[in-house]
Amino acid sequence: MSRSASAGAAIEPATFQVQQIWQQVDDQSQDISHLIDRTYRYHSVRELHWHLADRFSRPIRSLALSRV
């Protein structure tokens, strides 16, 4: 590839997908992965937070995210 061709190539920003999502209530965990589109590619944890708050009609401060 020539230098000019590589300079014009678009660089995709880093993204990630949610593989599994759990709802924690007291000592009980429930898999709720089926409630979101797991093929969507998020650009940031902040975007994921906002999406989940909107999807579940919850205040953003009521959500906690952790990586396992």
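Side notes on the structure shown:
- Condition met for residue 32 (modelled with pLDDT of 90 or more, in contact with a strand residue (DSSP E or B) (Cβ under 6 Å, 6 or more places away or on another chain), open to solvent by less than 100 Å² (accessible area, probe 1.4 Å) and not polar (S, T, N, Q)): yes
- Complete set of residues in segment 33-50 that are assigned to a loop (DSSP other than H, G, I, E, B) and either touching a Lys or Arg at 6+ places or on another chain (Cβ under 6 Å) or over 13 Å from residue 19 (Cβ atoms) (or both): 43, 44
- Only one of the listed residues (53, 64) is assigned to a loop (DSSP other than H, G, I, E, B) and either modelled with pLDDT under 90 or touching a helix residue (DSSP H, G or I) at 6+ places or on another chain (Cβ under 8 Å) (or both). That residue is 64.
The values are calculated or read from the model by the stated rules, or taken from the named source; none is laboratory data. Small disclaimer: the values here were computed from a predicted structure and weren't measured. Backbone-built Cβ (ideal geometry, glycine too); neighbour counts: all protein chains shown. Remember, those area values only see protein heavy atoms, side chains included, never the ligands or the DNA or RNA. Shrake-Rupley method; radii C 1.70, N 1.55, O 1.52, S 1.80 Å.
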